[in-house]
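Working notes, beginning with the structure itself.
Bear in mind these aren't lab numbers, they're just calculated from the coordinates by the rules spelled out. These numbers come from a predicted model, not from an experiment. Using ideal geometry, Cβ is built from the backbone for each residue, glycine included, and neighbour counts are taken over all protein chains shown.
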Amino acid sequence: MGSILVTGGAGYIGSHTVRILREKGAQVVVLDSLVTGHRKAVPKEVPFYHGDIADAGLVKTVVEAHWVEAVIHFAARSLVGESMTKPDLYFYENTAKTNLFVSNLLQLGVKKIVFSSTAAVYGLPEIVPIPEESLTNPINPYGLSKLMIEASFQWLEKAYGLKWVALRYFNAAGAALDGSIGEEHLPETHLIPLVLKAALGQRDAIQVFGTDYNTMDGTCIRDYIHVLDLAEAHVLALEALDQKIDSGIFNVGTGQGFSVLQVINTAKKLTGIDIPVIEAGRRSGDPDVLIAKVNKIEKTLGLRTRYSDLETIISSAWKWHKNNPNGYD
Ligand code: UFG
């Protein structure tokens with residue numbers, strides 16, 4: 001049996017996907033540079049290669065040693081703010097290196113790939129919930145770095161027969177239900193981990209970035225999907241490529257949105273801690289509302305989210321943060 005190569009398998013979404021793939025009996029091999037990933041997030045039994053997707057020799061070794069037949073490609077930089085100050089880094093790490101990596105895969109005869117894209121490709125959406133065919137107009141280099149790869153895949157398919165699925169993630173959140181793996185970014189910028197760090201007393205308070213948005217309580221609304229449901233979407237995408245569905249783009253979210261204050265209030269309730277809140281100004285580049293239209297992924301890939309209610313998202317994340325106050329260290 002061939003293996004699934006997971007790049008970025010030591011990262012947040014990658015490590016949860018590795019776990020789900022193994023539960024389903026797949027052979028998995030991980031390639032991760034550990035620039036942002038954590039070695040401890042990958043079980044010891046999983047073959048692990050420490051290195052770069054742009055290292056053609058290493059990619060050849062891994063593909064040949066493990067009979068790689070498909071790839072789930074998570075490895076990327078993913079900080080929107082950093083992409084604004086270092087756009088060249090994002091176009092190099094996310095776009096140029098992925099282009100080279102996929103070109104090497106094709107030469108090695110690997111033609112199936114599931115790619116991590118992002119809701120950031122939409123920019124400021126015109127219609128909410130956002131359908132996949134909406135105009136794409138990223139307002140940061142991170143979104144553009146991913147959109148360019150989506151667009152390139154259509155041409156690689158025509159020329160070389162690449163079969164691909166690009167998953168446009170909305171807000172990934174939550175952790176494995178046993179609290180053993182979870183979210184750790186350095187620096188952390190995401191709402192739910194920051195709220196829980198404030199609950200643990202590791203931060204003084206949670207700042208609410210903007211209370212004057214055009215929403216019911218004035219704070220931004222996002223579509224939070226549990227990382228286990230998001231991981232499941234990758235497995236379904238791989239299975240669908242095996243069953244010869246057409247390549248394409250899918251939103252991955254729940255179709256439901258929650259405001260920043262709803263998230264904070266749910267965290268207060270579930271932790272039993274009166275988390276200090278500070279109202280702050282808007283963070284630049286935040287759209288009022290981002291909610292996915294999800295009928296395409298439900299119908300074509302059969303995704304049914306199981307863990308993406310706000311309570312399960314926050315309680316699983318809380319378990320991870322409480323058990324691992326210093327993350328993986
Ligand atoms: N927020 C706060 N306080 C904080 C952190 C965040 O109020 O301390 C707010 C943000 O302003 C935003 C919401 O909480 O309204 C969610 O913010 P996150 O940073 O958790 O997530 P984003 O929606 O900004 O980012 C997500 C993904 C990105 C992706 C982006 C697409 O994490 O990778 O959606 O727009 F690029």
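For region 122-232, the strands (runs of 3 or more DSSP E) that sit wholly inside it and include 2 or more residues that are more than 14 Å from the ligand (Cβ to nearest atom) and over 15 Å from I313 (Cβ atoms) are 163-169.
Tell me whether region 299-306 contains one or more residues that are in a loop (DSSP other than H, G, I, E, B) and basic (K, R). Give the steps one after another, and end with the answer.
Step one: list which residues in region 299-306 are in a loop (DSSP other than H, G, I, E, B), which gives 302-306.
Now narrow it down to the ones that are basic (K, R): 304, 306.
Checked region 299-306: at least one residue is in a loop (DSSP other than H, G, I, E, B) and basic (K, R).
Scan region 272-295 and tell me whether some residue there is within 13 Å of the ligand (Cβ to nearest atom), crowded, with 19+ Cβ neighbours inside 10 Å and part of a helix (DSSP H, G or I). Looking through region 272-295, none of the residues is within 13 Å of the ligand (Cβ to nearest atom), crowded, with 19+ Cβ neighbours inside 10 Å and part of a helix (DSSP H, G or I). Of everything listed in (1) within 18 Å of N104 (Cα to Cα); (2) of a type in the set (G, A, S); (3) touching a helix residue (DSSP H, G or I) at 6+ places or on another chain (Cβ under 8 Å), the single unmet condition for A41 is (1).
The residue pairs whose first member lies in region 180-204 and is closer than 16 Å to V263 by Cα, whose second member is basic (K, R) and near the ligand (Cβ under 10 Å from one of its atoms), and whose beta carbons are closer than 6 Å, counting only pairs six or more residues apart or on different chains, are K197/R203. Evaluation of I275 against the conditions (1) more than 19 Å from the chain's Cα centre (by Cα); (2) more than 25 Å from F209 (Cβ to Cβ) shows that the sole unmet condition is (2). All but one of (1) in a helix (DSSP H, G or I); (2) within 16 Å of the ligand (Cβ to nearest atom); (3) touching an Asp or Glu at 6+ places or on another chain (Cβ under 9 Å); (4) closer than 20 Å to V114 by Cα hold for F250; which doesn't? So the condition that F250 fails would be (1). Residues in region 296-307 that are surrounded by 13 or more Cβ atoms within 10 Å (Cβ to Cβ), out of contact with any Phe, Trp or Tyr (no Cβ under 7 Å at 6 or more places or on another chain) and either closer than 20 Å to Y12 by Cβ or aliphatic (A, V, I, L, M) (or both): L303, T305, Y307. Note on region 118-173: residues that are hydrophobic (A, V, I, L, M, F, W, C), surrounded by fewer than 19 Cβ atoms within 10 Å (Cβ to Cβ) and out of contact with any Leu (no Cβ under 7 Å at 6 or more places or on another chain) total 8.
Inspect region 255-262 for any residue being without any contact (Cβ under 8 Å) to a residue 12 or more places away in the chain and within 16 Å of the ligand (Cβ to nearest atom) and give the result as yes or no. No, there is no match, as no residue in region 255-262 is without any contact (Cβ under 8 Å) to a residue 12 or more places away in the chain and within 16 Å of the ligand (Cβ to nearest atom).
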